[in-house]
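FYI, it's all coordinate maths here, none of it is from the lab. Predicted model only: the values in this text are computed from it and were never measured. In this analysis, Cβ positions are derived from the backbone assuming ideal geometry, glycine residues included, and neighbour counts consider all displayed protein chains.
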Amino acid sequence: MRSAIDIIDFSTEEIEELLATALDIIADPDKYADACRRKKLATLFFEPSTRTRLSFEAAMYELGGNVISVSSAASSSASKGESVADTVKVVSNYADIIAMRHPKEGAALVAANNATIPVINAGDGGHCHPTQTMADLLTIRREKGAFEGLTIGLCGDLKFGRTVHSLINAMVRYDNVKFVLISPEELKLPSYVKKDVLQARKIPYVQTTSLEEVMPDLDVLYMTRVQQERFFNEEDYLRLRDTYILDTRKLEAAKKDMIIMHPLPRVNEISVAVDDDPRACYFKQTLNGKYMRMALILKLLKEAGTL
Ligand code: NCD
């Protein structure tokens with residue numbers, strides 16, 4: 001059964017196919033309005049979420065399908081000690097496809113190995129978040145036209161930020177992409193991404209602690225939240241959380257056509273005054289996320305033979 005656990009499960013051709021479907025949905029939503037009639041999506045969220053869960057649910061409704069939902073660990077049998085494996089075996093009897101978020105790295109893979117329907121990873125701990133990356137890719141494609149040749153600044157919590165790990169894995173496939181990794185020492189990109197992905201593929205990157213210094217070089221600035229819930233102590237979190245605050249003054253040094261992205265939720269990383277800057281794309285990203293999730297649901301249900 002084909003599932004979506006990691007962005008690397010998708011070939012470049014498949015990513016292009018998903019982007020093309022999403023663009024077609026945007027151009028002609030009516031064509032897709034009944035595509036998933038009488039099909040059910042189960043959203044199983046064992047960790048907080050607004051956008052990801054609601055965008056999956058909106059995506060299924062816009063495909064004419066239905067949704068059943070668990071929106072917190074506390075309200076489900078997980079609180080009684082039920083395993084992920086058992087939960088998804090049960091849910092496989094009630095739904096046609098699952099979108100699951102879980103605080104543990106690897107939980108999505110366990111789910112996929114036990115479900116008899118496709119599972120979409122909507123975030124597993126600090127590991128990966130493939131559908132956020134799909135939203136990010138559609139945003140970059142729509143705003144910049146192409147992926148090739150871009151210099152992408154990733155700023156903030158590069159250690160625990162799963163969206164960053166997935167985005168790097170997607171963007172390294174395109175020609176002449178460069179990365180600028182901007183983080184405090186304590187929140188640097190994990191070596192399993194730096195060594196196994198960037199160095200292994202000989203992708204140019206620089207690491208810095210200064211956002212100001214590199215601002216003029218960037219085509220894309222991807223801001224992230226410091227992931228409070230993955231810290232072991234509150235003191236470190238409080239010390240690091242406001243290291244980078246993007247404001248209109250810092251943006252003066254940026255290219256006129258640089259785009260500003262953020263997977264949201266924003267805490268303090270981007271001052272609200274930046275929202276009025278035409279380069280701010282983070283709310284557009286949330287809309288693009290819905291279209292890419294529609295495209296992904298269609299693809300997986302077709303491959304499962306359900307559609
Ligand atoms: C991100 C996540 O959950 O990893 N949010 C999202 O899905 N849009 C980023 C975050 O929580 O900081």
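The HN-Hα couplings worked out from phi for the stretch 38-45 by the Karplus form 6.51 cos²θ - 1.76 cosθ + 1.60 (θ = phi - 60°) are 6, 9, 10, 9, 9, 9, 10, 10 Hz, whole numbers, x standing for Gly and Pro. Each residue of the stretch 178-188 is assigned a 3J(HN,Hα), and the resulting list reads 10, 10, 10, 9, 10, 7, x, 3, 6, 10, 5 Hz, derived from the Karplus form 6.51 cos²θ - 1.76 cosθ + 1.60 (θ = phi - 60°), x at Gly and Pro. In this structure, the amide hydrogen of LYS178, modeled 1.01 Å from its nitrogen in the peptide plane, lies closer than 5 angstrom to those of LEU150, THR151, ILE152, counting only residues at least 5 positions away or on a different chain. With each label modelled as a point 7 angstrom along the Cα→C-beta vector, the ASN268-GLU229 pair spans 2.1 nm.
Using the structure shown, select from LYS256/LYS284; LYS178/LYS299; LYS104/LYS284; LYS195/LYS302; LYS104/LYS202 the pairs with a Cα to Cα distance greater than 26 angstrom. Don't skip to the answer; put the middle values down first.
Numbers: LYS256/LYS284 18 Å; LYS178/LYS299 30 Å; LYS104/LYS284 29 Å; LYS195/LYS302 36 Å; LYS104/LYS202 30 Å.
Result: LYS178/LYS299; LYS104/LYS284; LYS195/LYS302; LYS104/LYS202 exceed 26 Å.
Axis of helix 51-62 versus longest Cα principal axis of the chain: the two differ by about 50°, to the nearest ten degrees. If R0 is 41 Å, the Cβ-Cβ spacing of ASP217 and LYS80 corresponds to a FRET efficiency of close to 0.20. The tail of the calculated P(r) for the stretch 45-93 beyond 11 Å holds 72 percent of all Cα-Cα pairs. Relative to the longest principal axis of the Cα atoms of the chain, helix 282-303 runs at roughly 40 degrees. Packing here is the average count of other Cβ atoms within 10 Å per residue, and on that basis the peptides 94-105, 261-272, 28-39, highest first, run 94-105, 261-272, 28-39.
Working out 0.36 nm times the residue gap between TYR237 and GLU185, then minus their Cα-Cα distance, what length gain in nm do you get to one decimal? Stretched out fully, the TYR237 to GLU185 stretch lengthens by 17.4 nm. A Stokes-Einstein calculation at 25 °C with viscosity 0.890 mPa s, built on the Kirkwood radius of the chain over Cα pairs, returns a diffusion coefficient of 124 µm²/s.
Using DSSP to call loops (not H, G, I, E or B), can you name the chymotrypsin sites (Phe, Trp or Tyr not before Pro) in the stretch 191-249 whose Cβ has at most 16 other Cβ atoms within 10 angstrom?
On the way: sites: TYR192, TYR205, TYR222, PHE231, PHE232, TYR237, TYR244; in loops: PHE231, PHE232, TYR244.
The qualifying sites are PHE232.
Take the Cα of ARG173, step 7 Å toward its Cβ, do the same at THR209, and the gap between the two points is 3.6 nm.
Computed from Cα positions, the angle between helix 130-144 and the longest principal axis of the chain comes to roughly 50 degrees.
Taking all pairs of different Cα atoms in the stretch 114-185, averaging 1/r and flipping that mean, what Kirkwood radius in angstroms comes out? Don't skip to the end; give the middle numbers.
Details: mean 1/r = 0.0751 Å⁻¹.
Kirkwood radius, the stretch 114-185: 13.3 Å.
Centroid-to-centroid, using Cα positions, the stretch 240-289 and the stretch 16-72 are 26 Å apart.
Karplus-derived 3J(HN,Hα) values for the stretch 223-238, using 6.51 cos²θ - 1.76 cosθ + 1.60 with θ = phi - 60°, are 8, 9, 7, 6, 7, 3, 5, 9, 7, 8, 9, 4, 4, 4, 4, 5 Hz; glycine and proline are entered as x. For ILE270, nonlocal amide neighbours, meaning residues 5 or more places apart or on other chains whose placed amide H falls under 5 Å from its own, are LEU246. Rounded to the nearest 5, what % of the DSSP beta bridges within the chain are antiparallel ones? Here the share of antiparallel DSSP bridges comes out near 5 percent.
Kirkwood Rh, the stretch 1-132, all Cα pairs: how many Å? The answer is 15.2 Å.
Taking the Cα centre of the chain as origin, work out the dipole magnitude from +1 charges on Lys and Arg Cβ and -1 charges on Asp and Glu Cβ, in debye rounded to 20.
Details: 39 positive and 43 negative charges, 115 e Å.
For the chain, the charge dipole is close to 560 debye.
Each other residue within a Cβ distance under 14 Å of ALA20 adds +1 if Lys or Arg and -1 if Asp or Glu, for a net charge of -2.
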